[in-house]
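Structure record follows, encoded as structure tokens.
The values are calculated or read from the model by the stated rules, or taken from the named source; none is laboratory data. The shown structure was predicted, so the numbers you read here are calculated from the model rather than taken from an experiment. All Cβ positions, even for glycine, are placed from backbone atoms using ideal geometry, and neighbour counts span all protein chains on display.
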Amino acid sequence: MPQHLMTIRAPGQKIMMTGNEAIARGALEAGVEVAAAYPGTPSTEILENLAQGAQEWPIHVEWSVNEKVAFEVAFGASMAGKRALVSMKHEGLNVMLDSLSKMIYTGVKGGLLLVVCDDPHATSSSNEQDSRSLAQFVDMLVFEPSSPEEAKRMVIEGYELSERLRTPLMIRSVTRISHGKSGVQMGPLPGPGQVRAPFFDRHDEIRDRWFCCAFNHLEKHRAHHETMKRVVEEFVEVTGWNHVENGNDSPLGVVASGIAYNILKEALEALGLAEDVSVLKIATPYPLPGKRVRSFLDGKEKVLVLEEGDPVVEMQLRAYAQNEGAKATIRGQWGGDVPKPGELTFERCIETIGKIFDVPMSPRVSDREVLEREELLSLIPERALTMCPGCPHRATHYALMQALRALKIKKPIILGDIGCYELSHEPPFDNIDSIYNMGAGVGLANGLAQSGVENPVIALIGDSTLFHAGLPAFINAVHNRARFLMLVFDNGTTAMTGHQPPPNASMMPSGKACPSIPILPLLKATGAPYVVATSAFDTQGTQKAIEEGLRCKGPAAVISQGPCALESRKARRKQKIARASYSVDPEKCTGCRLCIDRFGCAAFVWHEDEKHCAVDPILCDGCGVCAQVCPKEAFRIS
Amino acid sequence: MKDRINLLVAGVGGQGNVLISRIIGRALLEEGHAVWVGETFGMGQRGGPVVSHIRVGREQAAPQVPRYQGDLVLGLEPVETLRVVSQYLRKGGEVIMNPRPVMPTNVNSGKGIYPTLVAIREAMEKVTPNIRVIPGTELAQKAGSPQSLNMVMMGALVASGKVPVSAQNVRRALEEEVPQGTEALNLRAFELGMEAYRETV
């Protein structure tokens, strides 16, 4: 049984931790007392781990309705002198930017950290984004760790700095740090008695400390830049986090920030350049330590900048170089030397260094063999992501497609959103016309409906996404009479990120109970002409409701409800309830493939030779929707 | 033994890659090795491929094994093993593989063909002759649950001697990391995997 990493008291011991675990552990060691987040890969585990601390001592850890609110929760706690944390994926930073861009002017009281996890290559995201650019946009210090160990130490140091200089700061992680694992040294945890007494003061040393409006914003803006000057002078220029390696005598230099530093070290070694190139390791990609940059550039002929994301360090470096009349040529992403888009991989790194420093690389594998290996990949069938057996969303998508068939709607416009239900863009449904960001489908449905297109418009949205950013768009639809159907996939959880409880669930991240807000009365209160809830596993009932919603003249909402299959499975295991399993009667199966072509459960196995469908008993979840789909009643409980 | 080793674990979401890398990583760290483990998951929970990169002997390492520099691929699923072998394994590296496929839905909907095991093996032989097939799912069922497949395969990995850890330390890490109440089952699976590997030698 694992002793939890967050609460283990073993100062000095080194333990394997992911970057996210290390960040959470660092915050707990630093005495964080309020933490808030909205789930999003690769950031989710930070708050989940902090919740472990909340089980042992009196701190507040919550899943907020969205990132803007999460930031405000953390900032509010800081106003009362508490150390607070807000974590998010890069897209969440956009959601909270409006609040951040004002509150950064007044600064904080209790230390406040924003942990932003970027997803280079957008493995689990809708875009690639470098959050450091937005830190620069609001003029905020960014710490960028190159390992889980560094991430933890930066969090602890970050709290002291944030409190001393009264400014929030950003810890910028990336997927490879957040989900990477290495040894991290444990420090002491605070005891349950070490909580701060909250205290709020409107004029906290400065008159109208917490005001940022027309009568004083210039003054606040000026004060913020004064603070940032102190951040540079008192921290960025003097901290050992930013340092030069291999002496500063070489005419060749590389400036590397965050994970790029680790990749660089391995690449230099592989190229036999480990001793020949000066390295400036950057831990504060914004703002850069100008004095150190200037002395690093002095005497250099070529300087390469390596960083994950956009050329944030590079552009600042170029500005310093120009200002100083430095002779060095600066190379990097902006100059087109590092390929984009996508992740900064070892291969990209070594190729760039080899090219720029004229070091011939001896290839490990001949071109012919590379081609041969790529050919091997052609044997592999694509493994598309899919909804699980027993997923209520698959049943709802089936009901939706049946309703469209019944109403003879050939070309609906179906706007998707963020969550497991978006997986229906794969066969057999292949029914989504657009996907952008949280809540955008409902907003776009407003515009398409108002455009006058004749096609029926349908917006798909999950429960958690509805609370996050869908509600204002639906209220807008009622208020402005936009005619479309909003189909809510309500499985009671934020499934795609690993089952975090949304506001319609009654559980805190620590497992404690809290009030839930049901969706049906909430949507009914808007006065929309048609709002009903159905059971997702009753496909006929859901189909009828969708048909009714599509006939409705105003905005309509159908809430299709059913628990996430993975959650039901967990509950069954806990209660030791056996799972039902379906099988196919080969006598009754005519091989019509309706079940595969219209429903396509991941537990189905098609036997081409015998031309009939079967069910994998290990995968079957026993939801029974297949029995509703088959016209020949070939599926039976076994 | 070489001081720097690159291991890869290939599988499909739900097969338990992450637990393998967690246990092996822990045992390595406890024996004083520098370890960096990288995982590609995210949406893996929805049946996508999952690859774990375990880099031993480096403090500052690229988070993923560089192309064609893998020393060993531990495969929980055949085509996923082939995918990782072709992208990462060095020429002549070792492969330890479970032969039971997890069918992609595309294959069922007639959009793809799952290659035969013979074809998969022949393809991998273009990279290396060192391929060992361990009947992981079968042994996991014998241990008491098909879900202990990952521990069977981890047993085979440890028995290969390619990871600088003692079986005793791995057992201890296993007991610390698996869910309470499943220790005996998972240890049984681990021992079956060790034995199965030895029988292939």
Answer yes or no: is there a residue in region A:376-392 that is among the basic types (K, R) and away from chain B (no Cβ under 11 Å). no
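Are any residues in region B:67-85 facing chain A (nearest Cβ under 9 Å) and surrounded by 24 or more Cβ atoms within 10 Å (Cβ to Cβ), and if so, which ones?
Within region B:67-85, B:V79, B:E80, B:L82, B:V85 meet the criteria.
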So in region A:252-276, with the set limited to residues that are more than 14 Å from chain B (Cβ to nearest Cβ) and modelled with pLDDT under 95, which one is farthest from A:M170 (Cα to Cα)? A:G272
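This table checks each residue for (1) more than 8 Å from every other protein chain (Cβ to nearest Cβ); (2) assigned to a helix (DSSP H, G or I).
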{"site": "B:R55", "(1), (2)": "yes, no"}
{"site": "B:E59", "(1), (2)": "yes, no"}
{"site": "B:V65", "(1), (2)": "yes, no"}
{"site": "B:Q87", "(1), (2)": "no, yes"}
{"site": "B:K91", "(1), (2)": "no, no"}
{"site": "B:E94", "(1), (2)": "yes, no"}
{"site": "B:G112", "(1), (2)": "no, no"}
{"site": "B:V127", "(1), (2)": "no, no"}
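Looking only at residues in region A:135-156 that are acidic (D, E) and under 16 Å from A:G19 (Cβ atoms), which one is surrounded by the fewest Cβ atoms within 10 Å (Cβ to Cβ)? Quick ask: steps written out before the conclusion?
Kept after step one, since they are acidic (D, E), are these residues of region A:135-156: A:139, A:144, A:149-150.
When the remaining residues are screened for being under 16 Å from A:G19 (Cβ atoms), the result is A:144, A:149-150.
Numbers: A:E144: 32, A:E149: 19, A:E150: 22.
Residue satisfying both the conditions and the ranking: A:E149.
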Can we say A:S178 is in contact (Cβ under 8 Å) with a residue 60 or more places away in the chain, under 25 Å from A:F75 (Cβ atoms), surrounded by 13 or more Cβ atoms within 10 Å (Cβ to Cβ) and touching a strand residue (DSSP E or B) at 6+ places or on another chain (Cβ under 7 Å)? yes
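Suppose the filter is farther than 27 Å from A:V184 by Cβ, touching a Phe, Trp or Tyr at 6+ places or on another chain (Cβ under 7 Å) and in contact (Cβ under 8 Å) with a residue 24 or more places away in the chain; does A:G92 pass it? Walk me through it before giving the result.
Working: farther than 27 Å from A:V184 by Cβ: no; touching a Phe, Trp or Tyr at 6+ places or on another chain (Cβ under 7 Å): yes; in contact (Cβ under 8 Å) with a residue 24 or more places away in the chain: yes.
No; evaluated as a whole, the condition is false for this residue.
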Considering every residue within region B:43-51, establish whether at least one is under 10 Å from the mean Cα position of the chain (by Cα) and at the interface with chain A (Cβ under 10 Å from one of its Cβ atoms). no
Considering only residues that are exposed (fewer than 12 other Cβ atoms within 10 Å of the Cβ), under 17 Å from A:E163 (Cα atoms) and of a type in the set (A, V, I, L, M), which ones fall in region A:192-222? A:A197
Qualifying helices (runs of 4 or more DSSP H) (wholly inside region A:365-460; at least 3 residues being closer than 26 Å to A:A533 by Cα): A:392-406, A:440-451
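Just name the residue that is modelled with the highest pLDDT out of those in region A:569-582 that are in contact with a Pro (Cβ under 9 Å, 6 or more places away or on another chain) and surrounded by 15 or more Cβ atoms within 10 Å (Cβ to Cβ). Don't jump to the end; show me each part of the working.
Residues of region A:569-582 in contact with a Pro (Cβ under 9 Å, 6 or more places away or on another chain): A:571, A:581-582.
If we keep only those that are surrounded by 15 or more Cβ atoms within 10 Å (Cβ to Cβ) as well, we get A:581-582.
Working: A:S581: 94, A:Y582: 97.
Filtering region A:569-582 for residues that are in contact with a Pro (Cβ under 9 Å, 6 or more places away or on another chain) and surrounded by 15 or more Cβ atoms within 10 Å (Cβ to Cβ), the one modelled with the highest pLDDT comes out as A:Y582.
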Could you please let me know if A:P521 is out of contact with any strand residue (DSSP E or B) (no Cβ under 7 Å at 6 or more places or on another chain) and more than 22 Å from A:I409 (Cα to Cα)? yes
Could you check region A:622-638 and list, in sequence order, the residues that are closer than 20 Å to A:R572 by Cβ and touching a Lys or Arg at 6+ places or on another chain (Cβ under 7 Å)? A:G622
Go through region B:131-190 and report how many residues are of a type in the set (V, I, T), farther than 15 Å from B:V9 by Cα and in contact (Cβ under 8 Å) with a residue 60 or more places away in the chain. 3
So for region A:284-301 (the condition being crowded, with 17+ Cβ neighbours inside 10 Å, more than 32 Å from the chain's Cα centre (by Cα) and not in a helix (DSSP H, G or I)), does at least one residue qualify? yes
Pull up region A:556-566, narrow it to residues that are modelled with pLDDT of 95 or more and not in a loop (DSSP other than H, G, I, E, B), then point me to the one that is farthest from the chain's Cα centre (by Cα). A:A556
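Which of the following residues is at pLDDT 95 or above, crowded, with 24+ Cβ neighbours inside 10 Å, over 11 Å from A:S510 (Cβ atoms) and of a type in the set (D, E, K, R): A:E29, A:E33, A:E45?
On the way: A:E29 fails: crowded, with 24+ Cβ neighbours inside 10 Å; A:E45 fails: crowded, with 24+ Cβ neighbours inside 10 Å.
None of the other options fit; the residue is A:E33.
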